[in-house]
Amino acid sequence: MIAGDAIFFSWIGKRIATCSCCFYLAFFFFGFAHPGQCQTFFTFDSPRKRVILPFSFHRNLIVVPLYINNKGPFNFLLDTGVGMGLITNPNLLDSLNLTKGNEIRIIGAGENTEEIKAYMVPHLKVNLDGIIADDLILTILSEDVFNLSSYVGVPISGILGYQFFNSFVVQINFVDHKLTLYEPATFKYKRSYGQAIPFQLEEQRPYLYALATLQNTPPLSLKLILDTGASHALSLEQRQNTGIKVPTPAYRTHLGKGLSGAINGYIGRINSFRLNKYTFKNILSSFPDHEHVAAKTNVGRNGNLGNEILKRFNVIIDYSRSRLTLKPNSLFRKPFEHDMSGLDIIATGESYNRYFVSKTEAGSAAAEADILPGDEILFINTWTASNLSISKIDELLQAKNDLKLFMVLRREGKLIYRILTLKRRI
């Protein structure tokens with residue numbers, strides 16, 4: 001989970017209580033009269049029916065290059081889990097000579113309770129190839145609490161959410177890594193686009209319903225955030241539904257990062273997950289600790305649906321009609337696997353192609369191989385690590401149970417050699 005968190009925003013000396021950040025900030029600054037009111041932030045830069053944008057896909061996250069005030073490009077994530085866009089790299093404030101607006105305070109998901117200082121940045125000209133927003137408001141964080149660049153493995157400067165998705169009908173081809181954007185008023189559906197699933201926009205985020213069978217339970221109806229900013233398949237929160245229980249077996253691990261720090265919990269498999277007519281068996285699900293994701297929102301929810309599921313379809317997200325359309329692609333039958341090494345890896349360096357171990361899970365294959373936090377990965381089998389993306393390293397570390405990987409690492413200036421035998425943990 002990267003950014004799909006419920007967040008508190010507060011003015012200095014005044015908290016906006018029990019709300020989702022994004023809707024209320026949009027209300028104050030964009031003058032929404034109603035959360036369902038249609039407003040366009042981006043438009044095509046010339047008369048046309050559609051724009052096709054390539055994107056890169058890193059660690060199951062959609063990354064697009066954009067320009068701010070005619071400078072860039074800067075990499076931004078596309079995330080239906082947030083409302084107002086965020087600039088996560090505070091260095092852009094000075095390098096782009098941006099004007100700070102009102103100061104706000106943020107509390108988000110995570111283990112910490114300290115507020116984060118941020119600022120509204122108004123009157124931005126933001127454009128991608130073929131689309132433009134002439135007067136956009138974004139929020140800039142005072143510190144890079146996400147450290148997204150090290151996680152994703154490429155420089156990341158921010159996140160776009162509701163402002164982008166509310167402007168177009170967005171078609172996502174996860175196989176070819178292409179976005180096709182359509183003007184909502186003139187877009188026409190074809191039967192070949194796939195199965196239509198309704199959702200509802202609440203507090204600027206899309207929610208849909210699905211069915212899940214855990215262990216020896218009747219199917220549970222789940223209200224889930226449609227979250228393109230979540231790299232996992234499914235995350236289920238236990239506070240709203242007593243039928244949601246951590247399955248056996250499951251293991252405890254670090255699940256991700258929110259605005260307020262690490263999110264910890266369990267990973268386990270559930271028997272089945274049904275989204276309209278599509279059913280997945282033996283699917284992986286995260287079960288975050290309640291106190292790390294306690295909803296600061298009026299929306300009752302049971303979790304979120306992420307890109308590990310969505311990438312198995314050609315997807316159309318249509319905020320104007322509150323409709324998700326899915327058509328299975330070549331990834332549809334790919335098995336759901338998780339890391340089999342027990343390593344948490346971050347990318348560093350000018351090109352983010354130096355990889356270091358940030359954590360080793362106790363009892364994991366990495367722990368058994370005596371791989372330690374701080375070790376730099378230099379080679380994996382015959383591959384030079386610096387020539388691999390962090391996503392490719394992830395693929396290698398979840399490739400096959402009992403697969404042996406020969407690793408060369410640097411520890412305190414010395415080369416060490418390890419045999420890492422992957423071990424399916426769930």
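The values are calculated or read from the model by the stated rules, or taken from the named source; none is laboratory data. Just so you know, these numbers come straight off a predicted model, no measurement behind them. FYI the Cβ positions are ideal-geometry reconstructions off the backbone, even for glycines, and counts take in every protein chain you see.
Taking the listed residues R269, R274, the one that is within 17 Å of Y209 (Cα to Cα), in contact with a Leu (Cβ under 9 Å, 6 or more places away or on another chain), part of a strand (DSSP E or B) and not hydroxyl-bearing (S, T, Y) is R274, with no other qualifying.
Every condition in (1) under 15 Å from the mean Cα position of the chain (by Cα); (2) buried (at least 19 other Cβ atoms within 10 Å of the Cβ) holds for N147 except the one numbered (2). Scanning segment 383-423 for residues that are of a type in the set (D, E, K, R), farther than 13 Å from M340 by Cβ and touching a residue at least 40 places away in the same chain (Cβ under 8 Å) yields one hit, R418. In segment 85-99, of all residues being assigned to a loop (DSSP other than H, G, I, E, B) and not aliphatic (A, V, I, L, M), the one that is nearest to I137 (Cα to Cα) corresponds to G85. Kindly indicate the residue of segment 343-360 that is of a type outside the set (G, A, S) and part of a loop (DSSP other than H, G, I, E, B) and also farthest from S157 (Cα to Cα) among those meeting that condition. Restricting to residues being of a type outside the set (G, A, S) and part of a loop (DSSP other than H, G, I, E, B), the top hit is N353. Taking segment 165-206 as the region of interest, the strands (runs of 3 or more DSSP E) fully inside it that hold 2 or more residues being at pLDDT 95 or above, outside the structural domain of A133 (by TED's automatic domain parsing) and more than 19 Å from K311 (Cα to Cα) are 200-202.
The rows are residues; the columns are (1) aliphatic (A, V, I, L, M); (2) part of a loop (DSSP other than H, G, I, E, B).
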residue: V51; (1), (2): yes, no
residue: F57; (1), (2): no, no
residue: L66; (1), (2): yes, no
residue: G72; (1), (2): no, no
residue: F76; (1), (2): no, no
residue: G83; (1), (2): no, yes
residue: G101; (1), (2): no, yes
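Considering (1) over 22 Å from the mean Cα position of the chain (by Cα); (2) closer than 24 Å to T360 by Cβ, the lone condition that S231 does not fulfil carries the number (1).
Within segment 204-229, count every residue that is in contact with a strand residue (DSSP E or B) (Cβ under 9 Å, 6 or more places away or on another chain) and within 17 Å of L324 (Cα to Cα).
15
With respect to the conditions (1) farther than 17 Å from G83 by Cα; (2) among the aliphatic types (A, V, I, L, M); (3) without any contact (Cβ under 8 Å) to a residue 40 or more places away in the chain, I131 falls short on a single one, namely (3).
Checked against the criterion of being in contact with a strand residue (DSSP E or B) (Cβ under 8 Å, 6 or more places away or on another chain), under 25 Å from N60 (Cα atoms), among the hydrophobic types (A, V, I, L, M, F, W, C) and touching a residue at least 40 places away in the same chain (Cβ under 8 Å), the candidates I426, I380 yield just one match: I426.
Using the structure shown, decide if G36 is at pLDDT below 95, out of contact with any Cys (no Cβ under 9 Å at 6 or more places or on another chain) and at positive phi. Reasoning before the result, please.
Numbers: at pLDDT below 95: yes; out of contact with any Cys (no Cβ under 9 Å at 6 or more places or on another chain): yes; at positive phi: no.
Answer is no for this residue.
Criterion applied to I263, I244 was being touching a strand residue (DSSP E or B) at 6+ places or on another chain (Cβ under 9 Å) and part of a strand (DSSP E or B), and the one residue passing it is I263.
All conditions in (1) more than 27 Å from K392 (Cα to Cα); (2) modelled with pLDDT under 50 hold for N69, with the sole exception of (2). Evaluated against (1) of a type in the set (V, I, T); (2) surrounded by 21 or more Cβ atoms within 10 Å (Cβ to Cβ); (3) more than 27 Å from N353 (Cα to Cα), I52 falls short on exactly one condition, (2). Filtering segment 112-157 to residues that are hydrophobic (A, V, I, L, M, F, W, C), at pLDDT 95 or above and assigned to a loop (DSSP other than H, G, I, E, B) leaves V154, I156.
Considering each of S341, S389, S364, S320 in turn, give the residue that is over 23 Å from the mean Cα position of the chain (by Cα) and either surrounded by 15 or more Cβ atoms within 10 Å (Cβ to Cβ) or on the phi > 0 side of the Ramachandran plot (or both).
S364
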